[in-house]
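K.L.:
Structure provided below as structure tokens; questions to follow.
The values are calculated or read from the model by the stated rules, or taken from the named source; none is laboratory data. Not measured: the values here are computed from a predicted model. Cβ atoms come from the backbone with ideal geometry, glycine included; neighbour counts cover every protein chain shown. Protein only, heavy atoms only, side chains kept; ligands, DNA and RNA dropped before computing areas. Shrake-Rupley method; radii C 1.70, N 1.55, O 1.52, S 1.80 Å.
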Amino acid sequence: QVQLVESGGGLVQAGGSLRLSCAASGSIFSIWIMGWYRQAPGKQRELVATGTRGGTTNYADSVKGRFTISRDNAKNTVYLQMDRLKPEDTAVYYCNTSPPLPDNWGQGTQVTVSS
């Protein structure tokens with residue numbers, strides 16, 4: 001089982017950028033698909049981006065063109081570059097496999113975008 005620790009969140013103005021990191025305690029090289037998820041207050045957790053071991057990426061329509069997922073298998077780290085942030089991007093962001101494994105959920109990292 002891989003333990004995941006998210007970091008990099010914070011408070012940013014609309015239009016700004018943040019880069020989230022997800023550090024894994026073990027190797028993620030064998031994990032085919034890693035994903036970033038988010039949960040806004042009062043809403044269900046949603047998948048926003050996935051990245052395969054081979055480099056294929058997919059994004060939710062709401063973030064397409066603004067967010068970029070990447071993974072460094074040698075460093076066992078997954079990143080989410082978030083540009084042109086909007087207030088509706090405010091949420092706690094998590095990383096996990098895709099589909100997610102229940103035991104892999106970490107604390108997440110809070111992203112707050114002010115208008």
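K.L.:
Residues of segment 8-41 being open to solvent by 70 Å² or more (accessible area, probe 1.4 Å) and at pLDDT below 95, which ones?
P.N.:
Kept after step one, since they are open to solvent by 70 Å² or more (accessible area, probe 1.4 Å), are these residues of segment 8-41: 11, 13, 19, 25, 29-30, 32, 41.
Within segment 8-41, SER25, PHE29, SER30, TRP32, PRO41 meet the criteria.
K.L.:
Examine segment 55-72 for a residue that is among the hydroxyl-bearing types (Ser, Thr, Tyr) and in contact (Cβ under 8 Å) with a residue 40 or more places away in the chain, and state whether such a residue exists.
P.N.:
no
K.L.:
Let me ask something else about it. Taking VAL48, is it open to solvent by 60 Å² or more (accessible area, probe 1.4 Å), over 13 Å from SER70 (Cβ atoms) and assigned to a strand (DSSP E or B)? Write out each step before concluding.
P.N.:
Values: open to solvent by 60 Å² or more (accessible area, probe 1.4 Å): no; over 13 Å from SER70 (Cβ atoms): yes; assigned to a strand (DSSP E or B): yes.
In short, no.
K.L.:
Also, quick follow-up: Here's a check for you: in segment 90-115, which residue that is in a loop (DSSP other than H, G, I, E, B) and among the small types (Gly, Ala, Ser) is farthest from GLU46 (Cα to Cα)?
P.N.:
For segment 90-115, the residue satisfying everything is SER115.
K.L.:
Right, next: Working carefully through the options VAL5, VAL92, find the one that is touching a residue at least 24 places away in the same chain (Cβ under 8 Å), closer than 14 Å to GLY108 by Cβ, of a type outside the set (Phe, Trp, Tyr) and open to solvent by 60 Å² or more (accessible area, probe 1.4 Å). First the steps, then the outcome.
P.N.:
Numbers: VAL92 fails: open to solvent by 60 Å² or more (accessible area, probe 1.4 Å).
Only one candidate passes the filter, namely VAL5.
K.L.:
Quick one: in segment 54-82, of everything that is within 15 Å of CYS22 (Cα to Cα) and assigned to a loop (DSSP other than H, G, I, E, B), which residue is most open to solvent (accessible area, probe 1.4 Å)?
P.N.:
LYS75
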